[in-house]
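Please treat every number below as a calculation from the coordinates, not as lab data. What you see is a predicted model; the values in this text were computed from it and never measured.
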Ligand code: ZN
């Protein structure tokens, strides 16, 4: 079971968030057919988005994290809500670079230089958007920069995906350690020591520790506040896809009707196909004409 846990240490002056995302990232790999380096890059973004989602205040809020770069992946987006549903898409999934020196998956090269954009959709209130330049394009450092600069919360981030011989995701997760207001010089020194001696999070997860055990091993007085089950889940439906189709220009819809006699829409998050036949398209066009007529009369 994949999970995010939130915890405090040092009497609330240090916040710890740990995510285990192995199943979620493996599901994303099978849906999007990602090659190992793309799996690592996308998995890291999905894992960090799961953590960002857990920080939202209300169940109907959501957060969208997008990475754009000049590397071959081009763009990746992940969407998470507070109830643990995560989904995403990736521009080019067939990217696989191994760093010559470290022999590790070269995520930075696959992403290139670019930006990280975070959009918080708070439903009733207006959206909050924040964009930073990527620091290392390894995702972890970039989110650490985001927390520190955009949220004024000094943070350390460890995020990683372990990919197996057959391209399957063996372990994936993230750890975020944040200094809360009131953190002392001593808290910072201890936290830095913990971060500097941290094993890669994918290794810790591969060893079989769950998020609560991982958090408890970091500091002496860890108090677990909350745990959320998380999964890769898409909320698309035929109804919502039809609404999206209705936004297409009426001339293009008529082309679809006359030339293709159908419209096939594939959800970019889960690859589910929705087929609209002649009758469906004719009905949508009729509704659009009706809508335009009504608009004319109301003026
Ligand atoms: Zn979908």
**Request:** For residue 165 and residue 292, compute 0.36 nm times the residue count separating them, minus their Cα-Cα distance, and round to one decimal in nm.
**Result:** 40.1 nm
**Fill in**
Semi-axes a, b, c in Å (a largest) for the chain, each sqrt of 5 times a Cα gyration tensor eigenvalue, come to 40, 23, 17
**Sequence-separation-based contact order of the chain, relative, with Cα cut under 8 Å and 6+ spacing, percent** = 23
**Prompt:** Any idea what angle helix 278-298 forms with the longest principal axis of the chain, computed on alpha-carbon atoms, 0 to 90 degrees, nearest 10?
**Reply:** 80
**Message:** Which one, 54, 126, 158, has the greatest fluctuation when you compute a Gaussian network model over the chain with C-alpha springs under 10 angstrom?
**Reply:** 126
**Prompt:** If the chain between residue 243 and residue 100 were fully stretched, how many nm would it gain, using 0.36 nm times the residue separation less the Cα-Cα distance?
**Reply:** 46.7 nm
**Asked** Which shape class applies to segment 155-299: rounded if a/c is under 1.5, otherwise prolate when a/b exceeds b/c and oblate if not, where a ≥ b ≥ c are the square roots of the Cα gyration tensor eigenvalues?
**Response** prolate
**Prompt:** In percent, how large is the relative contact order of segment 1-123, given Cα pairs closer than 8 Å and 6 or more residues apart?
**Reply:** 26
**Mean separation of Cα contacts under 8 Å, 6 or more apart, over the residue count of segment 146-267: relative contact order %** = 17
**Prompt:** Working out 0.36 nm times the residue gap between residue 126 and residue 231, then minus their Cα-Cα distance, what length gain in nm do you get to one decimal?
**Reply:** 35.1 nm
**Item:** For segment 244-299, fraction of C-alpha pairs farther apart than 12 Å, in %
**Value:** 67
